[in-house]
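This report refers to the structure that appears directly beneath it.
The values are calculated or read from the model by the stated rules, or taken from the named source; none is laboratory data. Because the structure is predicted, anything quoted here is derived from the model rather than measured. Cβ placement follows ideal geometry from the backbone for every residue including glycine, while neighbour counts extend to all protein chains displayed.
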Amino acid sequence: MPSDKTKRAKIVAGNWKMNGTAAALAELSKLGAVLPLAPPRVVICPPAPLLFRATQAGSPFGIQIGAQDCHSENAGAFTGDISAEMIADTGATHVILGHSERRDAHHETDMEVRCKVERAWAAGLTAIVCIGETAQEREAANTLDIIGGQLAGSLPDGVTAENTVVAYEPIWAIGTGLVPSFDQIIEVHDFIRQRLTRRYGQATAQMIPLLYGGSVKPDNAAMIFQAENVDGALVGGASLKAVDFAPIIAALAAS
Ligand code: PGA
């Protein structure tokens with residue numbers, strides 16, 4: 001019997017954050033040129049002004065494009081914001097929601113994230129929903145409580161393996177070079193799968209892709225991808241250059 005892991009989609013998403021102008025799109029063709037024969041789903045999430053051009057640059061290689069946030073309303077007097085419908089209109093297929101940098105700097109709550117997820121679905125986008133604990137929460141042995149609460153609050157009813165990807169990103173591991181131990185990654189990812197199973201049922205939950213994020217690099221990716229409930233990665237810094245991102249994609253393809 002193949003394990004459920006072999007049936008699930010493998011996904012590597014690159015979160016460029018607020019980095020890159022048009023010149024950075026050259027990285028997409030560099031990446032496309034070195035993709036493995038049977039690549040996992042590769043999603044690049046550039047800054048919003050690059051979305052349309054990124055879809056053009058990525059499509060010859062099957063590289064999909066995602067945004068880094070959307071508004072919880074579809075239109076209106078929200079200066080500076082962009083809606084899920086606008087993102088889909090660029091040709092992008094995914095949107096990262098509830099990243100810790102948005103929860104922190106923009107005070108996004110679980111409830112807001114949940115509304116954004118529903119908007120993303122309505123626009124036909126796949127939501128990459130981020131959750132993760134702070135260093136203090138981990139030190140206080142509250143990690144699973146925090147993760148359970150964020151999952152319950154940030155995900156609407158109606159999650160499917162097609163419309164949602166869950167990314168576990170311990171906040172203390174983002175951009176720091178620190179990575180949880182393999183056992184800690186296994187513990188949290190197994191817990192997320194259990195909670196999804198309880199809420200959405202076994203058939204759905206076993207197919208939902210779970211990503212690990214936080215200082216994923218070419219030299220630790222293969223280890224992380226060995227975990228049964230890790231189906232890929234959400235990568236920040238190491239996604240900016242094809243030379244760093246390609247080995248991470250190759251490690252997932254080989255896992
Ligand atoms: P990092 O960022 O890979 O640079 O740690 C991950 C993220 O914020 O998604």
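List, please: which pairs have Cβ atoms under 8 Å, are six or more places apart or on different chains, and start with a residue in the stretch 189-218 that is more than 19 Å from PRO156 (Cα to Cα) and end with one that is among the charged types (D, E, K, R) and crowded, with 20+ Cβ neighbours inside 10 Å?
What qualifies is TYR212/GLU169; GLY213/GLU169; GLY214/GLU169.
Taking interchain pairs and intrachain pairs at least six residues apart, which have beta carbon atoms under 7 angstrom, with the first residue in the stretch 239-255 and under 17 Å from LEU37 (Cβ atoms) and the second among the aromatic types (Phe, Trp, Tyr) and assigned to a helix (DSSP H, G or I)?
ALA251/PHE225; LEU252/PHE225; SER255/PHE225
For the list (1) under 27 Å from LEU28 (Cα atoms); (2) within 16 Å of the ligand (Cβ to nearest atom); (3) outside any helix (DSSP H, G or I); (4) under 18 Å from the mean Cα position of the chain (by Cα), I need the number of the one condition that ILE208 fails.
It is condition (2) that ILE208 fails.
Filter the stretch 162-196 down to the residues that are more than 16 Å from the ligand (Cβ to nearest atom) and part of a loop (DSSP other than H, G, I, E, B) and list them by number.
GLU162, ASN163, SER181
Out of the residues in the stretch 231-243 that are within 10 Å of the ligand (Cβ to nearest atom) and not in a helix (DSSP H, G or I), state the one that is farthest from PRO209 (Cα to Cα).
Going through the stretch 231-243, the residues within 10 Å of the ligand (Cβ to nearest atom) turn out to be 233-240.
Checking the rest, the ones that are also not in a helix (DSSP H, G or I) come to 233-236, 240.
Values: ALA233: 10, LEU234: 11, VAL235: 15, GLY236: 18, LEU240: 23 Å.
Filtering the stretch 231-243 for residues that are within 10 Å of the ligand (Cβ to nearest atom) and not in a helix (DSSP H, G or I), the one farthest from PRO209 (Cα to Cα) comes out as LEU240.
With the requirement that a residue be within 18 Å of ASN163 (Cα to Cα) and within 16 Å of the ligand (Cβ to nearest atom), what does the stretch 73-107 give you?
Across the stretch 73-107, the qualifying residues are HIS94, VAL95, ILE96, LEU97, GLY98, HIS99.
Conditions: (1) surrounded by 14 or more Cβ atoms within 10 Å (Cβ to Cβ); (2) within 16 Å of the ligand (Cβ to nearest atom); (3) over 18 Å from the mean Cα position of the chain (by Cα). ALA135 meets all but one. Number of the miss?
The number of the failed condition is (1).
What pairs can you find where one residue is in the stretch 4-17 and touching a residue at least 40 places away in the same chain (Cβ under 8 Å) and assigned to a strand (DSSP E or B), the other is within 16 Å of the ligand (Cβ to nearest atom) and of a type in the set (Ser, Thr, Tyr), and their Cβ atoms are less than 8 Å apart, with a gap of 6+ or different chains?
Listed pairs, sorted by first residue: ALA13/SER239; GLY14/SER239; ASN15/SER239.
Can you tell me which residue among ALA227, ALA246, ALA253 is away from the ligand (no atom under 16 Å from the Cβ), assigned to a helix (DSSP H, G or I) and farther than 28 Å from ALA84 by Cβ?
Numbers: ALA227 fails: assigned to a helix (DSSP H, G or I); ALA246 fails: away from the ligand (no atom under 16 Å from the Cβ).
That would be ALA253, the only listed residue that is away from the ligand (no atom under 16 Å from the Cβ), assigned to a helix (DSSP H, G or I) and farther than 28 Å from ALA84 by Cβ.
Given the options GLY32, GLY66, GLY98, GLY76, name the one that is within 17 Å of the chain's Cα centre (by Cα), farther than 19 Å from GLY237 by Cβ and modelled with pLDDT of 95 or more.
GLY98
Tell me, yes or no, whether the stretch 39-49 has at least one residue that is modelled with pLDDT under 95 and closer than 18 Å to ILE11 by Cα.
The answer is yes; a qualifying residue exists.
Give the number of residues within the stretch 78-120 that are touching a helix residue (DSSP H, G or I) at 6+ places or on another chain (Cβ under 6 Å) and part of a loop (DSSP other than H, G, I, E, B).
The qualifying residues number 6.
Is it the case that the stretch 44-55 has a residue that's assigned to a strand (DSSP E or B) and crowded, with 21+ Cβ neighbours inside 10 Å?
Taking the stretch 44-55 and keeping what is assigned to a strand (DSSP E or B), we get 44-45.
Still in the list and also crowded, with 21+ Cβ neighbours inside 10 Å: 44-45.
Yes: the stretch 44-55 contains one or more residues that are assigned to a strand (DSSP E or B) and crowded, with 21+ Cβ neighbours inside 10 Å.
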